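Beneath this line is the structure, given in structure tokens, with notes to follow.
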Amino acid sequence: MSRSTQAMEIAALRQIALDDVARASEADLRDQAREEALDFNGFAEQVRSSMREAVAGVLRGQLAQKRSAAVTAKVPATSLRQRPTLDRIKAAIQEVFAREPDLKLAFRSGSKQSAGDWESLYDDLVSMGALKPDDGDSR
């Protein structure tokens, strides 16, 4: 028997078991748990917790996809490839903040900004129109 056939049979058996549980009443499930000396309430809480974790994982994945799509939509890939040097990025960002005193930015206290932080801020300022994407010069 091939692995794919085995996997399909196991999936079919799991589905049958899930369908059986779904059709059973709570009283039937409690009786079965009692017969098998299982803590029904503890087991139910484990299932609820597993389901919450699974849903949270799916939602985190969807959020990551949406964020990735939003970043791609905001900053064209060509502008990412055409970033100036890190020193020029820093200078351009400083020029924007000097020119726009109402523009505020919060940094994590006690830590230096990584190259990725500077590039991300640069990309955000480009998407806002505060910087030209080609050379980092202020508009």
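Since every read-out is calculated from the coordinates, none of them should be taken as a lab result. Quick caveat: nothing in here was measured; it's all calculated off a predicted structure. Cβ sites come from the backbone with ideal geometry, for glycine too, and all protein chains shown count toward neighbours.
Values as computed for the structure displayed
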| read-out | value |
| --- | --- |
| FRET efficiency, 1/(1 + (r/R0)^6) with R0 41 Å, evaluated for Gln62 and Ser25 via beta carbons | 0.75 |
| Additional length obtainable on full extension of the chain from Asp124 to Glu95, 0.36 nm per residue less Cα span | 9.0 nm |
| Cα shape, segment 3-71, gyration tensor, a/c 1.5 rule | oblate |
| Where labels lie 7 Å past Cα in the beta-carbon direction, separation of Arg52 and Lys132 in nm | 5.4 nm |
| Stretchable slack from Phe40 to Leu18, in nm (0.36 nm times residue separation minus alpha-carbon distance) | 6.2 nm |
| Backbone HN-Hα couplings from phi across segment 23-38 [Karplus 6.51/-1.76/1.60, Hz, Gly and Pro as x] | 7, 6, 7, 4, 4, 4, 5, 5, 4, 5, 5, 4, 4, 9, 6, 9 |
